[in-house]
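Novice: This structure is in structure tokens; I'll ask about it shortly.
The values are calculated or read from the model by the stated rules, or taken from the named source; none is laboratory data. Predicted model only: the values in this text are computed from it and were never measured. Cβ sites come from the backbone with ideal geometry, for glycine too, and all protein chains shown count toward neighbours.
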Amino acid sequence: MRRLICLALVFFFLQGSIDLIAEEEGEVKVVTVDSTNLRFNPSTITLNEGDSVRFVWGNQALPHNAVEENEVFDSGEPARNLEYEYFFDYESAGVYDYVCEPHASVGMQGEITVQDVEQAVVEDPEVKASTSDGLPIISILVGTALVFAIGTSWYFAIKRRNLI
Ligand SMILES: [Cu+2]
């Protein structure tokens with residue numbers, strides 16, 4: 001009996017970690033530099049938790065970077081060609097202000113708002129199966145069977161003692 005409960009617990013934890021692996025991929029929003037060479041484009045964006053921002057530019061006349069004011073992200077040294085991506089995870093809701101360091105004094109800055117979302121765990125077993133080789137379906141089936149077995153044996157154990 002105790003062994004069954006342990007097994008059930010193991011399977012619940014297993015399912016939890018598989019859910020994390022199967023996490024849906026978020027959107028990627030691109031920020032580049034506009035034709036004035038001194039502004040991000042767009043300079044304000046709104047994302048959901050689980051999305052990413054990608055700073056991309058090439059062959060710029062001036063080198064730029066993107067540094068968040070609290071160092072949440074930092075694309076590194078200013079560069080004429082850049083491709084830098086930052087992922088906002090599921091605990092990241094908030095407002096992020098960033099600047100291009102060499103041009104912060106002339107107003108090259110931007111703001112990213114990350115909206116809180118309910119953790120977007122994929123609940124559809126078919127989707128899960130396609131993203132991680134059917135393992136979740138097995139763990140759900142086994143988990144459900146174990147819960148059913150434990151429930152049934154509890155029910156009969158209690159019934160045997162005439163508690164119901
Ligand atoms: Cu700049």
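Novice: What number of residues within the stretch 63-100 are outside any loop (DSSP other than H, G, I, E, B) and away from the ligand (no atom under 16 Å from the Cβ)?
Specialist: As a first pass, look at the stretch 63-100 and keep what is outside any loop (DSSP other than H, G, I, E, B): 64, 67-68, 74, 79, 82-87, 94-99.
The next check asks that each one be away from the ligand (no atom under 16 Å from the Cβ); those that pass are 85-87, 94-96.
Number satisfying all stated conditions: 6.
Novice: Hey, another quick one. Within the stretch 39-62, can you find the residues that are hydrophobic (A, V, I, L, M, F, W, C) and either buried (at least 16 other Cβ atoms within 10 Å of the Cβ) or away from the ligand (no atom under 11 Å from the Cβ) (or both)?
Specialist: The answer is 40, 45, 47, 53, 55, 56, 57.
Novice: Okay, next question. Taking the stated definitions as given, is residue 26 in a loop (DSSP other than H, G, I, E, B) and at pLDDT below 95?
Specialist: In short, yes.
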